[in-house]
Amino acid sequence: MTPIFELHRGTAPLLVSLPHNGSEIPAPLRERMVERARLAPDTDWHVARLYAFARELGASVLVPSHSRYVIDLNRPSDDTSLYPGQNTTGLCPVVQFTGAPVYLDGQAPSPDEIAARIATYWQPYHAALQEELARIHAAHGHALLWEGHSIKGSELEFLFPGRLPDFNLGTSAGASCSPQRQARVEAALAAQSRYDFVVNGRFKGGYITRHYADPARGIDAIQLEISQRIYMDEATFAYDEAKAVDARAVIRSLLEAAL
């Protein structure tokens, strides 16, 4: 079986979590899906590659191997909606970001299957995240949890109207991060002119950002959702280094400002 995740332990007070980078779908499960879903189209494609520089900053980096279609690691295990009243996808998604089904008729997971996926995939990832965050906090007295995400930035009317900004910074409306740290990151975003951005817009931070943040104890959590158009071909999922070099430089400036 493919390992559930890869954890690189660093030396800085920074943990970069990339919970939607994985794209693997086990063959028996893939056979139950519609043709498009078998390609794992809603993957946060190549974010581990974009964030490879984080190791140079001394960051710990946590990267899963399996697709969010197997289980969404950035959802609570009880599948409570993170955005009440808005379209979204669940813990074990049955719809794609387009609103189209993930599964063939009658093939969606049962409650028992979902429970098994939680035990197999969700719990080990979160145990590793919690343990590494605790180690960092114990070593430094404070910690930053940075959630790296990406999404197709247009034509996803099921999730949001129109065009998503290039950079979408989320701090759970300020609840997951100290005002000083958020201000530094916002200033770094404002200092560049290539990309547009929004703070606490459509994507304010998912379960991981909200659940593990504890600013009063010195544990800040920030989510960055970027539009895939700025570093890849959204149609083919191909990485575009010519685009990515600029996007990566801005992401690095944000992490440096946060640190």
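Laid out as a table, the results:
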| quantity | calculated |
| --- | --- |
| Test set (1) touching a Phe, Trp or Tyr at 6+ places or on another chain (Cβ under 8 Å); (2) surrounded by 15 or more Cβ atoms within 10 Å (Cβ to Cβ); (3) of a type in the set (Gly, Ala, Ser) - Ser60 fails condition number | (1) |
| Residue identified as surrounded by 14 or more Cβ atoms within 10 Å (Cβ to Cβ), within 18 Å of Arg252 (Cα to Cα), in contact (Cβ under 8 Å) with a residue 40 or more places away in the chain and within 20 Å of the chain's Cα centre (by Cα) among Ser150, Ser176, Ser172 | Ser150 |
| Among (1) under 17 Å from Phe203 (Cα atoms); (2) surrounded by 14 or more Cβ atoms within 10 Å (Cβ to Cβ); (3) over 17 Å from the mean Cα position of the chain (by Cα), the one test that Leu73 misses | (3) |
| Selection count, the range 110-128, where residues are under 18 Å from Ser81 (Cβ atoms) and more than 22 Å from the chain's Cα centre (by Cα) | 1 |
| Inter-residue pairs, beta-carbon under 8 Å, first under 18 Å from Pro19 (Cβ atoms) and in the range 217-237, second in a helix (DSSP H, G or I) and aromatic (Phe, Trp, Tyr), 6+ apart | Ile219/Tyr212; Ala221/Tyr212 |
| Residues that are assigned to a strand (DSSP E or B) and either of a type outside the set (A, V, I, L, M, F, W, C) or modelled with pLDDT under 95 (or both), drawn from the range 137-179 | Glu147, Gly148, His149, Ser150, Ile151, Asn168, Gly170 |
| Unique residue being touching a residue at least 12 places away in the same chain (Cβ under 8 Å) and not hydroxyl-bearing (Ser, Thr, Tyr) when the list is Arg55, Arg30 | Arg55 |
| Residue within the range 227-246 that is outside any loop (DSSP other than H, G, I, E, B), touching a His at 6+ places or on another chain (Cβ under 8 Å) and surrounded by 19 or more Cβ atoms within 10 Å (Cβ to Cβ) present | yes |
| Residues that are within 30 Å of Arg252 (Cβ to Cβ), among the aliphatic types (A, V, I, L, M) and out of contact with any strand residue (DSSP E or B) (no Cβ under 9 Å at 6 or more places or on another chain), drawn from the range 72-101 | Leu82 |
| Unmet criterion (only one of (1) surrounded by fewer than 19 Cβ atoms within 10 Å (Cβ to Cβ); (2) within 19 Å of Arg217 (Cα to Cα)) for Ala191 | (2) |
| Number of the condition not met by Val198 [criteria: (1) within 19 Å of Val47 (Cα to Cα); (2) in contact with a strand residue (DSSP E or B) (Cβ under 6 Å, 6 or more places away or on another chain); (3) open to solvent by 20 Å² or more (accessible area, probe 1.4 Å); (4) not aromatic (Phe, Trp, Tyr)] | (1) |
| Within the range 91-100, considering residues that are surrounded by 13 or more Cβ atoms within 10 Å (Cβ to Cβ) and not aliphatic (A, V, I, L, M), the one nearest to Ala37 (Cα to Cα) | Gln96 |
| Residue satisfying all of: in the range 101-135; outside any helix (DSSP H, G or I) and open to solvent by 60 Å² or more (accessible area, probe 1.4 Å); nearest to Thr89 (Cα to Cα) among these | Pro101 |
| Scope the range 48-57; condition of a type in the set (A, V, I, L, M) and open to solvent by less than 30 Å² (accessible area, probe 1.4 Å); matching residues | Leu50, Ala54 |
| Conditions (1) modelled with pLDDT of 95 or more; (2) part of a loop (DSSP other than H, G, I, E, B); (3) not polar (S, T, N, Q): number failed by Tyr83 | (1) |
| Top-ranked residue in the range 8-37 [being surrounded by fewer than 16 Cβ atoms within 10 Å (Cβ to Cβ) and of a type outside the set (Asp, Glu); ranked as farthest from Gly99 (Cα to Cα)] | Thr11 |
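The values are calculated or read from the model by the stated rules, or taken from the named source; none is laboratory data. All figures in this text were calculated on a predicted structure; none of them were measured in a lab. Cβ: placed from backbone, ideal geometry, glycine included. Neighbour counts: every protein chain shown. Remember, those area values only see protein heavy atoms, side chains included, never the ligands or the DNA or RNA. Shrake-Rupley method; radii C 1.70, N 1.55, O 1.52, S 1.80 Å.
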